[in-house]
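The values are calculated or read from the model by the stated rules, or taken from the named source; none is laboratory data. If you're wondering where the values come from, they're calculated on a predicted model, not measured in any experiment. Cβ atoms come from the backbone with ideal geometry, glycine included; neighbour counts cover every protein chain shown.
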Amino acid sequence: SQTIHQWPATLVQPVGSPLSLECTVEGTSNPNLYWYRQAAGRGLQLLFYSVGIGQISSEVPQNLSASRPQDRQFILSSKKLLLSDSGFYLCAWSEGRINEQFFGPGTRLTVL
Amino acid sequence: KQEVTQIPAALSVPEGENLVLNCSFTDSAIYNLQWFRQDPGKGLTSLLLIQSSQREQTSGRLNASLDKSSGRSTLYIAASQPGDSATYLCAVKRRNTDKLIFGTGTRLQVFP
């Protein structure tokens, strides 16, 4: 069966510090991978998605970036965090034509 | 541009009631629709996925219907229980894209 992991689970960072969030998927090959952000009182916002190694599509221009160094690894990064980057970050995967998406447990990021 | 709306935004009911949660979308050219559950501070759990060619899907006490022509889906929860308390999100996938468009959710509370 497939599982998806995210870490860290929670993170408190000062403004201007770097960020690295990691997501890995087990039990599947060549999945589509997604990064979402869920801010307080707002819906899910798609940030990046990837259909293969090294292939990243950005949905929202901002100070975040994503990378996919391995088939089942997806990393969300920032060089300098902003207060507005606070939120709940969710990674998801899907495969095949039906593209049912499955989500990880999330990372709660607080920028102070 | 596809927009997804969920009504009501919040719902509080006594245990045992049968519930209907609504999801509306503006562009009927969807490929599928997915219902999710999100517990506080957790990731999303996929509940049901309905393909555009289907009218409904059932899983246990949950039944989701789809009327693509009118741009509506409903999630029916039979004999609600306190454990059903969560936020329920619907999301649509358009053809020729791997991305989901999410609604803002319905927060459900079932009290004993």
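Side notes on the structure shown:
- Within the range A:94-105, residues that are without any contact (Cβ under 8 Å) to a residue 12 or more places away in the chain have Cβ atoms under 8 Å from residues that are among the hydroxyl-bearing types (Ser, Thr, Tyr) and in a strand (DSSP E or B) in these pairs: A:100/A:94; A:100/B:46, counting only partners at least 6 apart in sequence or on another chain.
- Lone qualifier among A:12, A:25 - being part of a strand (DSSP E or B), in contact (Cβ under 8 Å) with a residue 40 or more places away in the chain, within 25 Å of residue B:47 (Cβ to Cβ) and more than 12 Å from chain B (Cβ to nearest Cβ): A:25
- Residue check for residue B:104: part of a loop (DSSP other than H, G, I, E, B) and of a type in the set (S, T, N, Q): yes
- Candidate set: the range A:70-92, residues that are more than 23 Å from residue A:55 (Cα to Cα) and assigned to a strand (DSSP E or B); chosen: the one farthest from the other protein chains (Cβ to nearest Cβ): A:87
- Residues in the range A:28-68 that are of a type in the set (Val, Ile, Thr) and within 11 Å of chain B (Cβ to nearest Cβ): A:51 alone.
- The listed residue being of a type in the set (S, T, N, Q), more than 12 Å from residue B:92 (Cα to Cα) and touching a residue at least 60 places away in the same chain (Cβ under 8 Å), out of B:32, B:63, B:18: B:18
- Within the range B:56-69, if we keep just the residues that are part of a loop (DSSP other than H, G, I, E, B) and at pLDDT 95 or above, the residue that is surrounded by the fewest Cβ atoms within 10 Å (Cβ to Cβ) turns out to be B:60.
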